[in-house]
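Report on one structure; see the data block that follows.
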Amino acid sequence: MPKFRMTRGLVVLFAAVALVLILITVGLQLRAQPQQVDLSTLLSDVKADVAVHHVDTLTIDSSTLTLDRGHGVVVQTGIGPGFSLADTLKRDTGVPYNDPHVLKVAYVQPGVWSSAGSYLISLLLICTGVGLLFYFVRRGQGMNNPATSFGKSRARMFAEDKPSTTFSEVAGVDEAKQELEEIVEFLKFPQKFAAVGARIPKGVLLVGPPGTGKTLISRAVAGEAGVPFFSISGSEFVEMFVGVGASRMRDLFEQAKKAAPCIIFVDEIDAVGRQRGAGFGGSHDEREQTLNQMLVEMDGFDSNTNVIVMAATNRPDVLDPALLRPGRFDRQVTLDRPDIRGRISILRVHARNKPLDKTVDLEVIGRQTAGFSGADLQNLLNEAAILTARFGDHTITMSTLEEAMDRVVAGPARKSRVISEREKAITAYHEVGHALVAHLLPKCDPVHKVSIISRGQMGGYTRLVSDEDRSLWSKSQFRDFLAFALGGHAAEKITFGEVTTGASNDIERVTSIARKMVSDYGMSERLGPVQLGKREGGGYLGADGGGETRNYSEETAREIDEEVRDIVLRALDTAESLLREHHERLILISERLIKKEILEGREFAELFEMPLPEDSEPATLAALASAESMPSATRTAIGERGLPPGLGVNLSAEGGPMTGPIGASMDHAEPDETR
């Protein structure tokens with residue numbers, strides 16, 4: 001028999017009927033009530049009206065005597081058992097009892113239904129109030145009421161019949177897709193695996209940096225398999241009340257068993273799956289109770305329920321070993337940042353519904369976005385679409401994509417920022433110092449853009465492009481890169497005779513890389529291939545974690561500091577010597593940058609190849625930089641030499657006195673320094 005469920009429409013109808021009854025009852029009660037008087041007063045009124053020949057109406061029932069004197073004047077009095085109206089009228093008033101021309105008399109027989117109806121109406125009103133109160137109490141319990149639903153799971157369920165994500169919307173992670181296709185096939189055809197005695201993994205752990213598509217690919221698995229998908233965050237299991245997290249975990253798996261086959265997805269599982277015994281609450285910590293319940297549920301439910309648990313984290317190093325053992329999360333799928341092919345595929349996926357201009361080449365954008373995650377690339381195209389709408393255009397152009405890339409990496413341009421001419425000149429020479437050193441050193445990437453327009457926390461930036469995706473760095477590449485990073489510092493020192501705070505972030509990152517060369521990479525000839533110091537609590541894929549444990553002596557620490565200083569000073573000497581040798585080029589290109597504020601890579605190369613006049617005085621070079629055109633011989637030389645193709649994004653920021661996170665050249669300088 002189907003269970004009756006009171007819908008919202010029925011409740012509204014029921015409440016409306018009850019309200020009408022209440023209004024009718026109140027209206028009846030508010031009618032004109034007779035004035036209560038004693039019997040002698042009522043008889044005096046009858047006698048007075050009869051004397052003036054006014055015919056009244058006298059109504060008598062079992063307990064009351066009512067006199068209607070007309071014009072809305074009604075008086076009433078009570079009577080007892082054995083009351084005789086005829087005797088009373090004859091004795092007290094002398095009014096004839098049976099003459100209707102003098103006094104009209106009406107008798108009301110006692111009615112059973114009239115009194116019962118009043119009782120029924122009162123009973124109905126009481127039942128209505130109780131029913132509405134009961135309904136709203138039950139409804140409050142059904143809605144995530146903190147007082148009554150602590151132990152209920154807060155997982156959001158996505159039904160299989162709704163539009164869902166598929167593998168066609170996931171790009172750049174081909175290996176992960178291949179691994180998860182087995183999960184889809186198991187959910188669709190479990191008999192195929194059971195026939196050969198195979199057991200599909202009960203749990204799949206997705207690990208990788210933020211923005212690489214862990215949640216997206218898990219939804220794609222549910223969409224391809226066509227099964228319900230339960231999504232919940234690990235932090236939603238944690239409450240201040242003991243036992244709430246474990247209760248929610250039990251309720252989640254109970255819901256999943258009822259909807260099987262299905263997928264449970266727990267995002268940021270490290271919030272509840274951290275190694276036990278590491279908290280301040282000891283073994284009875286609420287988080288550990290929740291983890292214990294999860295371990296029991298994953299290893300305890302029937303293998304034929306077809307419930308697969310998927311989870312995502314970027315901190316697999318902190319998870320409890322019992323959670324990662326076979327039988328629970330026994331398969332790990334790593335989603336890394338995409339390579340050149342993956343970036344191009346991701347850009348094509350997100351560009352499907354965007355009007356791109358014919359000049360847009362997504363392969364070029366893919367080459368310039370090394371280190372970008374899938375979320376970064378999606379944000380890049382979205383920013384380009386927003387800028388297109390802001391400019392009033394109908395298609396997204398290549399220049400708009402370039403501007404969007406600058407906004408994503410460095411922030412919006414701060415063209416309204418007022419700076420002095422001297423500070424603008426310092427910024428220009430600083431950035432050209434970076435660019436010149438990079439152009440002159442063989443192991444540095446080609447210059448893509450130089451700008452002195454302030455963005456975010458930067459006064460200016462130099463962007464390099466790489467001709468390949470790198471996962472390994474050599475010692476010579478590090479040396480050239482450190483010289484490039486100190487080029488701005490050297491340019492300020494050579495040109496103005498002093499340095500500014502604009503290179504503070506450059507120096508910080510150079511020192512960090514030099515120390516890693518000595519302590520982590522074994523690139524010091526003096527100390528040899530020895531790991532010095534152990535990092536603890538590090539995040540996933542090179543993110544900085546906790547402190548460092550020293551496993552070396554004070555004497556070795558002194559040698560490390562000296563070796564780091566030697567590496568940095570050698571890089572600074574290299575940058576200074578190159579800039580002194582090409583001082584005229586430094587002045588020429590810097591003066592052009594002061595005028596134009598932005599130099600593209602081709603224009604920078606043309607200025608570098610431009611023949612210098614015999615008179616190379618600064619004033620002459622500044623005048624040459626202000627020229628609107630270049631000699632044709634220079635353009636011919638550039639055409640014959642050609643420019644290397646560009647890949648990747650390397651930024652060295654910090655023109656001006658501001659410091660900030662955008663030395664993105666450092667962000668992609670080495671495999672362990674990711675965005």
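The values are calculated or read from the model by the stated rules, or taken from the named source; none is laboratory data. Being a predicted model, the structure only gives us computed values, none of them experimental. So basically every Cβ, Gly included, is an ideal-geometry build from the backbone, and we count neighbours across all protein chains shown. The accessibility values were calculated without ligands, DNA or RNA, using every heavy atom of the protein model including side chains. Shrake-Rupley method; radii C 1.70, N 1.55, O 1.52, S 1.80 Å.
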| query | In segment 367-391, how many are polar (S, T, N, Q), over 17 Å from the mean Cα position of the chain (by Cα) and in a helix (DSSP H, G or I)? | reply | 1
| query | Restricting attention to segment 373-386, which residues are within 24 Å of Gly208 (Cβ to Cβ), open to solvent by less than 10 Å² (accessible area, probe 1.4 Å) and at pLDDT 90 or above? | reply | Leu377, Leu380, Leu381
| request: Tally the residues that are surrounded by fewer than 16 Cβ atoms within 10 Å (Cβ to Cβ) and touching a residue at least 24 places away in the same chain (Cβ under 8 Å), restricting the search to segment 409-418. | output: 4
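Could you check segment 495-512 and list, in sequence order, the residues that are within 19 Å of Thr462 (Cα to Cα) and either assigned to a helix (DSSP H, G or I) or modelled with pLDDT of 95 or more (or both)? Before you say what the answer is, go through the steps one by one.
At the first step, the residues of segment 495-512 found to be within 19 Å of Thr462 (Cα to Cα) are 495, 499-510.
Those that are within 19 Å of Thr462 (Cα to Cα) and either assigned to a helix (DSSP H, G or I) or modelled with pLDDT of 95 or more (or both): Thr495, Thr501, Gly502, Ala503, Ser504, Asn505, Asp506, Ile507, Glu508, Arg509, Val510.
Here is a yes/no grid of residues against (1) modelled with pLDDT of 95 or more; (2) in a loop (DSSP other than H, G, I, E, B):
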| position | (1), (2) |
| --- | --- |
| Tyr552 | no, yes |
| Glu559 | no, no |
| Val568 | yes, no |
| Asp573 | yes, no |
| Ile589 | no, no |
| Residue match in segment 69-87 (condition: β-branched (Val, Ile, Thr) and at pLDDT 75 or above) | yes
| Can you find a residue in segment 280-290 that is open to solvent by less than 20 Å² (accessible area, probe 1.4 Å), modelled with pLDDT of 75 or more and charged (D, E, K, R)? | yes
| What's the number of the condition Ser420 fails, among (1) closer than 20 Å to Leu578 by Cβ; (2) hydroxyl-bearing (Ser, Thr, Tyr); (3) modelled with pLDDT under 90? | (1)
| query | Of the residues in segment 513-538, how many are part of a loop (DSSP other than H, G, I, E, B), open to solvent by 20 Å² or more (accessible area, probe 1.4 Å), closer than 22 Å to Ser553 by Cα and not acidic (Asp, Glu)? | reply | 8
| task | Check segment 575-587 and report whether any residue there is open to solvent by 20 Å² or more (accessible area, probe 1.4 Å), of a type in the set (A, V, I, L, M) and at pLDDT below 90. | result | no
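If we keep just the residues of segment 320-361 that are part of a strand (DSSP E or B) and open to solvent by less than 10 Å² (accessible area, probe 1.4 Å), which is farthest from Thr388 (Cα to Cα)?
Within segment 320-361, the first condition is being part of a strand (DSSP E or B), and the residues that meet it are 329-334, 356.
From the residues that got through so far, the ones that are open to solvent by less than 10 Å² (accessible area, probe 1.4 Å) too are 329, 333.
Working: Phe329: 45, Val333: 38 Å.
So, considering only residues that are part of a strand (DSSP E or B) and open to solvent by less than 10 Å² (accessible area, probe 1.4 Å), the one farthest from Thr388 (Cα to Cα) is Phe329.
Yes/no matrix, rows are residues, columns are (1) within 21 Å of Val409 (Cα to Cα); (2) open to solvent by 10 Å² or more (accessible area, probe 1.4 Å); (3) under 36 Å from the mean Cα position of the chain (by Cα); (4) not hydroxyl-bearing (Ser, Thr, Tyr):
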| site | (1), (2), (3), (4) |
| --- | --- |
| Val437 | no, no, no, yes |
| Cys444 | yes, yes, no, yes |
| Gly456 | yes, yes, yes, yes |
| Tyr461 | yes, no, yes, no |
| Ala485 | yes, no, yes, yes |
